[in-house]
Amino acid sequence: MTVTHTPHDTDTNALLDAAQNWTPPEAPLDMPQQVLERDHVRAEWPRLVRLILPGKTV
Amino acid sequence: MSSSPRKVMAADSRTKLLRTLALSFALLAALTASTLLADAAIQDGVDVWDVVRGLLIFVTTAWLAWGATLSFVGLAPSVRKPRPMPDLTSPAPRLVVLVPICNEDPVTTFARIAAMDHSIRTESLMADIAILSDTRNEEAALLERQTYLRLIAETQGKGRIFYRRRNDNRGRKAGNIEDFIRRSGAAYDLALILDADSLMEGRAVRDMAARMQADPQLGLLQTLPKIIGARSFFGRAMQFAASFHSPVFTRGLERLQGNTGPFWGHNAMVRLKAFAESCALPELAGPPPFGGHILSHDYVEAALLARAGWRVQVDHTIGGSYEEGPENILSYAKRDRRWCQGNLQHSRLLLAPGLAAWSRFVFLQGIFAYLVSVLWAAFLITSVVATILAPVPNYFPEPHMLFPVFPDDRTKEITALIVGIMGLLILPKFAILYEASGTRRTARFGGSVRAGFSVVAEILLSSLIAPLMLMYQTKAVMQVLSGRDGGWPANQRGEGALTLVDGFRAGLWIMLTGGAALAIVARVAPDLTLWLLPVCLPMLAAPFLIAWTSRPLTHKLFLVPEERRPAPVIRNYREILGRWQSEPHPETVTTEVTHVPA
């Protein structure tokens, strides 16, 4: 892959310092962890059968 | 888990009816195929191989028929009036464009961002852009910083276009976006999620934002990205198929999706409040490939948004959404390996609590997209085994018979089965060509004749490389099932033509497998040799096909509208890229950098 870049004598540290000011604004938003697995996963064949029924939650 | 007050939005009765019809058609086609096969197979008695073959042909045909059904549903005339596209009202939602990158070429990626920024501002739309780097390689990260300065100079984007690099890339792309939301999500209402190779018109971004603003229940709006910039035979065939066939398949999907549409990971807009409250993905218990980080996170995020009561929709009518595609079979197979692992991992989530039934069905579809290759391979193998183990015909079943009794010839049934299966593959494409000619959509593809040639050429190419894809996908599934973690390496974009040596490196094992299969069948079941030639001959030619299809193709075939009249954002991107590459920044030079896996 051909890319364009700066010679190695560029002041890397200056760039690293400058990069601290390039970040997006601080405005935290909570993201609660989701639950995707049951504690005790069992083979629930009736649920699998209901997969073909549209519009129903299983 | 968040305690969302909402429940999954139920599909309306029309969507339920369409789903039932589509599923019924797929099952009916599968039943017909099984009956035809059983009718031919029971001539010499029923054994376990006949039962296995019957089951395999049932599942594989159901899968093919389901794909065909999507096109038929998409081709059906619409009975609903198209909704007028709303426009933004004041106050406009606070919008951010997220560009997660990982070991990408920053020059091409940031040139795209510069073009999109210009296009967005042309639409008088206020949007920040955040480049979210997960790049691990220090030299590549340095290039990103340098190119960012050039991007800022090009766009005057200081304070509007941001760049941040994570210290660790936990959760990969999903974790990268989650990190942004946790730090900065409250500053925005909507986020347009892109890939490094995404390109979107400002008009499309504005339309999406307006749709999200007008429908507060809409949690995610997915566009259908068209492939651009393909040069090789393989790449241009895919580009044509994505432009010509995909809108119809996507329209079919739209009509079946209800409120639980897809998320393809990029070129989609999300409502940040909805995404934040419902899409923080946990690690799955156990080691990869089935445990650990969720690889194909997009399908799961769509399911989680729907679970929390948000509407998730895809809309193929939003134009100006683009991406790039693999240029050769090898790149395609590498990407497929990642997606295969990600989709098979979804088997862990089939029974996740609270999901809509359609979300589970989408997981199942994704799993079968790869499993079906193994089932086809198993069908071919069992067919050979059944033929070898079939009892020798008894021409004189009764003693003292004067004339022999010959078994009924069931060639017609088998031929009908093969024609039917081929029909499920090919008929949708010709039906789309017919529809496109009728609506004069073919005019944008060089006219009906040229579009017709392109459709036929694409079908021939797909048929030729289908056995190769079957082998690559079978290998990928076997690797995942045996516990081999392929990881999630960075995309290798811009791969060009492959040499014959590359072709042999990538396809010799397929060639040897095809040769061995043909030799064995010719010896032990010569009657089957002719039937297996369409599978084995492309396998024998695998190295040549891999190399040949990666070569550049002239524009006579597979013409797409974006080649005749590129959108302004495409033209602007190419102008910026050309300028950046031909006139290096005062502090920049050109060198070679190799992609480093994430």
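The values are calculated or read from the model by the stated rules, or taken from the named source; none is laboratory data. The shown structure was predicted, so the numbers you read here are calculated from the model rather than taken from an experiment. Cβ: placed from backbone, ideal geometry, glycine included. Neighbour counts: every protein chain shown.
Among residues belonging to segment B:129-169 that are in a loop (DSSP other than H, G, I, E, B) and free of Cβ contacts under 8 Å to residues at least 12 places away in the same chain, point out the one that is surrounded by the fewest Cβ atoms within 10 Å (Cβ to Cβ). Even if it seems obvious, please write down each step before you answer.
So the first thing to find is which residues in segment B:129-169 are in a loop (DSSP other than H, G, I, E, B), and the list is B:134-137, B:156-160, B:166-169.
Among the residues that remain, those that are also free of Cβ contacts under 8 Å to residues at least 12 places away in the same chain are: B:156, B:158-159, B:167-168.
Working: B:Q156: 11, B:K158: 11, B:G159: 11, B:N167: 5, B:D168: 9.
Checked segment B:129-169; the qualifying residue surrounded by the fewest Cβ atoms within 10 Å (Cβ to Cβ) is B:N167.
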Filter result for B:L70 (part of a helix (DSSP H, G or I) and within 27 Å of the chain's Cα centre (by Cα))
yes
Output for segment B:554-576, where each listed residue is within 23 Å of the chain's Cα centre (by Cα) and in a loop (DSSP other than H, G, I, E, B)
B:L557, B:F558, B:L559, B:V560
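When you scan segment B:532-587, how many residues do you find that are β-branched (V, I, T) and either farther than 29 Å from B:R441 by Cα or within 14 Å of chain A (Cβ to nearest Cβ) (or both)? Spell out the reasoning first.
The initial filter retains those residues of segment B:532-587 that are β-branched (V, I, T), namely B:535, B:546, B:549, B:554, B:560, B:569-570, B:576.
Now narrow it down to the ones that are either farther than 29 Å from B:R441 by Cα or within 14 Å of chain A (Cβ to nearest Cβ) (or both): B:535, B:546, B:576.
Within segment B:532-587, residues that are β-branched (V, I, T) and either farther than 29 Å from B:R441 by Cα or within 14 Å of chain A (Cβ to nearest Cβ) (or both) number 3.
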Scan B:W376, B:W339, B:W358 and give me the residue that is touching a strand residue (DSSP E or B) at 6+ places or on another chain (Cβ under 9 Å) and assigned to a helix (DSSP H, G or I).
B:W358
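Right, B:L351: within 14 Å of chain A (Cβ to nearest Cβ) and in a helix (DSSP H, G or I) or not?
Details: within 14 Å of chain A (Cβ to nearest Cβ): yes; in a helix (DSSP H, G or I): no.
Against the criterion (within 14 Å of chain A (Cβ to nearest Cβ) and in a helix (DSSP H, G or I)), B:L351 does not qualify.
Give me the strands (runs of 3 or more DSSP E) completely within segment B:206-316, filtered to those with at least 2 residues that are over 26 Å from B:I131 (Cβ atoms) and touching a strand residue (DSSP E or B) at 6+ places or on another chain (Cβ under 9 Å), ordered by residue number. Can you show your working first?
Values: elements: B:218-223, B:268-271, B:311-315.
The strands (runs of 3 or more DSSP E) meeting that bar are B:311-315.
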May I ask you to list the residues in segment A:17-35 that are more than 25 Å from B:S278 (Cα to Cα) and either surrounded by fewer than 13 Cβ atoms within 10 Å (Cβ to Cβ) or under 16 Å from the mean Cα position of the chain (by Cα) (or both)?
A:D17, A:Q20, A:N21
Can you confirm whether segment B:482-503 contains a residue that is in contact with a Cys (Cβ under 7 Å, 6 or more places away or on another chain) and either part of a helix (DSSP H, G or I) or charged (D, E, K, R) (or both)?
no
Candidates B:L56, B:L70, filtered to the one that is touching a Phe, Trp or Tyr at 6+ places or on another chain (Cβ under 6 Å) and closer than 16 Å to B:T250 by Cβ
B:L70
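Kindly provide the set of residues from segment B:427-481 that are basic (K, R) and within 20 Å of B:S232 (Cβ to Cβ), ordered by number. Before the answer, list the steps.
Let us first name the residues in segment B:427-481 that are basic (K, R), namely B:429, B:440-441, B:444, B:450, B:475.
Selection gives B:R450 alone.
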When segment B:341-368 is checked residue by residue, the ones that are farther than 11 Å from B:Y299 by Cβ, surrounded by fewer than 19 Cβ atoms within 10 Å (Cβ to Cβ) and touching a residue at least 24 places away in the same chain (Cβ under 8 Å) are B:S347, B:R348, B:F368
Under 6 Å between Cβ atoms, which residue pairs at least 6 apart in sequence (or on different chains) link something in segment B:469-495 that is under 12 Å from B:L371 (Cα atoms) with a partner that is modelled with pLDDT of 80 or more and among the polar types (S, T, N, Q)?
B:L470/B:S373; B:Q473/B:S373; B:T474/B:S373; B:V480/B:Q341
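Looking at segment B:96-116, which of the residues that are in a helix (DSSP H, G or I) and more than 21 Å from B:G202 (Cβ to Cβ) is farthest from the other protein chains (Cβ to nearest Cβ)? Break it down into steps so the answer makes sense when it comes.
Here is the first cut: in segment B:96-116, the residues in a helix (DSSP H, G or I) are B:106-116.
Okay, now just the ones that are also more than 21 Å from B:G202 (Cβ to Cβ), so B:106-107.
On the way: B:P106: 7, B:V107: 5 Å.
Ranking the candidates gives B:P106 first.
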Top-ranked residue of segment B:176-209 - restricted to ones that are more than 11 Å from every other protein chain (Cβ to nearest Cβ) and over 16 Å from B:A268 (Cβ atoms), ranked as surrounded by the most Cβ atoms within 10 Å (Cβ to Cβ):
B:G202
For segment B:496-519, enumerate the residues that are touching a residue at least 60 places away in the same chain (Cβ under 8 Å) and surrounded by fewer than 18 Cβ atoms within 10 Å (Cβ to Cβ).
B:G496, B:A497, B:D502
Is one or more of the residues making up segment B:93-116 in contact (Cβ under 8 Å) with a residue 40 or more places away in the chain, hydroxyl-bearing (S, T, Y) and in contact with a strand residue (DSSP E or B) (Cβ under 7 Å, 6 or more places away or on another chain)?
yes
Segment B:213-228, residues that are of a type in the set (G, A, S) and surrounded by fewer than 23 Cβ atoms within 10 Å (Cβ to Cβ)
B:A214
If you go through segment B:546-578, how many residues are at pLDDT below 95 and either hydroxyl-bearing (S, T, Y) or within 19 Å of B:T155 (Cβ to Cβ) (or both)?
1
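Given the criteria within 14 Å of chain A (Cβ to nearest Cβ) and either in a helix (DSSP H, G or I) or of a type in the set (K, R) (or both), does B:F25 qualify? Outline the logic, then answer.
On the way: within 14 Å of chain A (Cβ to nearest Cβ): yes; either in a helix (DSSP H, G or I) or of a type in the set (K, R) (or both): yes.
Yes, satisfied.
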Breaking point among (1) β-branched (V, I, T); (2) within 14 Å of chain A (Cβ to nearest Cβ); (3) more than 30 Å from A:R38 (Cβ to Cβ), for B:V8:
(3)
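Applying the selection to segment B:117-138, what residues are more than 8 Å from every other protein chain (Cβ to nearest Cβ) and touching a strand residue (DSSP E or B) at 6+ places or on another chain (Cβ under 8 Å)? Show your work before the answer.
First pass over segment B:117-138, keeping only residues more than 8 Å from every other protein chain (Cβ to nearest Cβ): B:117-127, B:129, B:131-138.
B:D117, B:S119, B:I120, B:L125, B:M126, B:A127, B:I129, B:I131, B:L132, B:S133, B:D134, B:T135, listed by residue number.
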